[in-house]
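Written below as C-alpha cells is the structure these notes are about.
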Amino acid sequence: MMDVKRIISKIERDYIVSNLKKEERIDNRDLWEYRKFQVKSDTIASAEGSADVSLGDTRIITGLKYDVGVPFPDLPDEGVCTVMAELLPLASPLFERGPPDEQSIELARVVDRGIRHADCVQTKKLCIKEKEAVYILFVDMYVINYGGNLIDAGGVSALSTLISAHIPEGIWNEEKHETEWTGKYLTGKSLVKELPLILTYGKIEDIVFLDPNLPEELVCDGKISISVTEDKITSIQKSGAATFTIDEIKMLGSKSLEIGKKLRKELNPLQYISKIE
Amino acid sequence: MPLIIKDEYPETLFRKDGKRLDGRDVNELRPIKMEVGVIKNADGSAYLEWGNNKIFAAVYGPREVHPHHLAKPDRGILRVFYRMATYSVFDRKRPAPGRREKEISMIISDCIEPLLFLELYPGTSFEIFIEVMDADGGTRCASTTVAALALADAGIPMKSLVSSIAVGKIDGKIVVDLSGIEDKAGNADLPIAITWYNEELSLLQFDGDMNLDELNDFLDIAKNALKDIHQIQLDALKSKYVKLQEETNKSKGKNEKKGDE
C-alpha cells in the first residue's frame, strides 16, 4: 500500500486510474465492494454508549454523553442530538492541530444529517417535560487512524453508538420543579427506529466507485455521499471539484438502496442494544 | 449545566475485608495491557489499558517544525499534546483543550525530554499526541508510560524508557495506583516517573499532606511498582517483534513449500 502523503505522484495516480478503468482496485476490491467493517460497541466505560468502528485502515471511536437542558421554543417536546467530529492529529500526518477545519465539520454535518432526516433518533422520547426539560445528546466522533472514507465509518460508528446508549431515565417532579432519576435506563431499544447508513462514492474522470481508500480519496476528483434507510434516500452530499451526470445520480440512488440493504443485514446494528434496563 | 446524577464520594475507601473498593490490596496495581504499533499512519504508536483508562499515543518525527519560528538551529524540539475525549469523563468535557490539559502536556514533555538525543536532530520536531479515550484516575502517569512506548516503537534513539505511576494515601493508608475515586476522595496523591537509564525522577508532583516518614515510604513503594510497569512496557515492545518473526517464519515456510513443488 502507498504511504500517506499530501501529494501523490502522477505515476501513482495513473496506476490507480488505469486499474479503475479495468474495473480493478489497488486493494483488489471490485468497484461496488466495501472494505471490511469491524464494530465493537460499548467500549468506553465513562460514556453512556460508544462504538469502536474500523473500515479497512480507517478507525473511529465514538462516545455518547448527555445533558439535560431547555428545549428549543419551536420544538418544545423534543430532545436534541448533536454530532461532533474531531480529526485527531494522531490519526494522520495530514491532520493538523487546532479548531475544527472544513473536513471535520463536513464529516460531522453529513453524519448528523444522515441521522437527523431518517427518523432514527426518537427525539420525542428524549423529552422529560414539555417546555422545561429535555435530553441533549452529544455524539462525539474521534478519528484514530485515517485510511479514507471517514463519512461511512463515521455513520456506522454514530449509529452503533446511539444503539448502544444507556442513559439514566428522568421524570419531572412538579413540586420541586426539577428532574428526578428513576434508576432505570433509556436504551437504544426505545431511542432508535430507522437505521440510516451513509454510502460514499469517489469519482475519477468518468469512473465511479464505492468506499474510496486513502490513495483513491487523495487522487479522486470528487465524492458523493448518499444516506439511505431501508427504502428511502434521506440525504445527499456532493463534495470535491467533480461533476456528476444526472444518469449517474439515478444509478447511484438505486445502487445505494441495494448495497445499503445488504450492508445493514451484514452489520446487524441492533445487536448492540444495551442489556442494561 | 452540570449533570444531575452526582458522583458522590463514599464514606470509606476500604471494604470490610480490608481490601480497596475495587477489591485490590494496598500494593496491588490495576490490570494493565499495552500494545505497540496500533496506529498505522504514525511513525510510532502505542495503546494502553490501565484499569478503566484507555489511552492512545502516536509519535510523528523527526519532521519539519510547524510553525517554523519554533525550530532551533542547534537541536530538535519535543512537543507533547495531551488531550482528553469529551466522553472520557463523567461530565462531558468541552472539546477545546483546557488549562489542565496544557499543563499536563508540559509536564509529560519535560518528563520525556531527558530521554532523547535532541541535539542530533537540529531544526526538526518530534510530536507526541496523547488521546485519553476513557479516564479513571492516573491519566498523566498512564499517558507518560504509553508515550515512552510510542517513542520506542517509532525507533527513535532513547537512553531508556520512562515509567510512571501515582502513589497516594487513602483513609490514612499508603496505596499504589490510585483509581479515579481514590484520587478524588483520598488524602494524598503523588504522581512519579523514573527514567531507567539513571534511575532518577523525571516527573514529580504532590498534592495532599504527608510527614517525612511517609515521603520515604511513598518513594520506596513507587519504585517497586514502577519496576513491574517497566517490565510490562518491555514485554509489549518485544511482543510486536515476536509476532513479526512468527509471520515471517510462516510466509517463509509457504515459500519453501512452493519451491519443493
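Since every read-out is calculated from the coordinates, none of them should be taken as a lab result. Values in this document were obtained by computation on a predicted structure and should not be read as measured data. Every residue, glycine among them, receives a Cβ derived from its backbone with ideal geometry; neighbour counts consider all protein chains shown.
Using the Cα centre as the reference, give the magnitude of the dipole from point charges on the C-beta atoms of chain B (Lys, Arg: +1; Asp, Glu: -1; all else neutral), rounded to the nearest 20 debye.
Details: 36 positive and 43 negative charges, 189 e Å.
Dipole of chain B, to the nearest 20 debye: 900 debye.
Loop-located GluC sites (Glu not before Pro) in segment B:1-110 (DSSP state other than H, G, I, E, B) with a sparse environment of at most 12 neighbouring Cβ atoms within 10 Å: B:E8, B:E11.
Ranked by Cβ crowding within 10 angstrom, fewest neighbours first, how are B:R24, A:R97, A:R35 ordered? Numbers along the way, then the final one.
Numbers: B:R24 18, A:R97 14, A:R35 21.
Result, fewest neighbours first: A:R97, B:R24, A:R35.
Across the options A:S274, A:P215, B:L237, the greatest Cα extent toward the positive end of the charge dipole of the protein assembly as shown (unit charges at beta carbon of Lys, Arg, Asp, Glu) belongs to A:P215. Sites listed here are trypsin sites (Lys or Arg not before Pro) in segment A:177-277 whose DSSP assignment is loop and whose Cβ has at most 10 other Cβ atoms within 10 Å: A:K275. Rounded to 0.05, the FRET efficiency of the B:D220 and B:H66 pair, given R0 = 45 Å and the Cβ-Cβ distance, is 0.55.
Quick check on the exposure proxy: order B:F126, A:F138 from fewest to most C-beta atoms within 10 angstrom.
On the way: B:F126 26, A:F138 20.
Ascending number of Cβ neighbours within 10 Å: A:F138, B:F126.
Charge tally for A:R25 (other residues, Cβ to Cβ under 12 Å; Lys, Arg +1; Asp, Glu -1): -3. When B:S179, B:S239 are sorted by how many other C-beta atoms sit within 10 angstrom of their C-beta, beginning with the fewest, the order is B:S239, B:S179.
Here the gap between A:K22 and A:K40, fully extended at 0.36 nm per residue and compared with their Cα-Cα distance, gives a gain of 2.9 nm. Computing FRET efficiency as 1/(1 + (r/R0)^6) for B:D171 and A:D247, where r is the C-beta to C-beta distance and R0 is 60 Å, gives about 0.25.
Considering only the other residues whose Cβ falls under 15 Å of the Cβ of B:K19, what net charge follows from Lys and Arg at +1 and Asp and Glu at -1?
So the environment of B:K19 carries a net charge of -1.
Here segment A:84-126 yields Rg over Rh of 1.15, to two decimals, using C-alpha coordinates and the Kirkwood radius. If you take all other residues with their beta carbon under 12 Å from the beta carbon of B:P122, and give Lys and Arg +1 and Asp and Glu -1, the sum is 0. Placing a label point 7 Å from the Cα of B:K240 along the Cα-to-Cβ direction, the residues of segment B:13-39 whose backbone N falls under 15 Å from that point are B:34-39.
With charges set only on the Cβ (+1 for Lys and Arg, -1 for Asp and Glu), what does the dipole of the protein assembly as shown come to about its Cα centre, in debye to the nearest 20? Display every interim value, and only then the final one.
Working: 72 positive and 89 negative charges, 236 e Å.
Roughly 1140 debye for the protein assembly as shown.
Oblate is the label for the protein assembly as shown, because the ratio a/c of its alpha-carbon gyration tensor axes (a ≥ b ≥ c) is 1.5 or higher and a/b is not greater than b/c.
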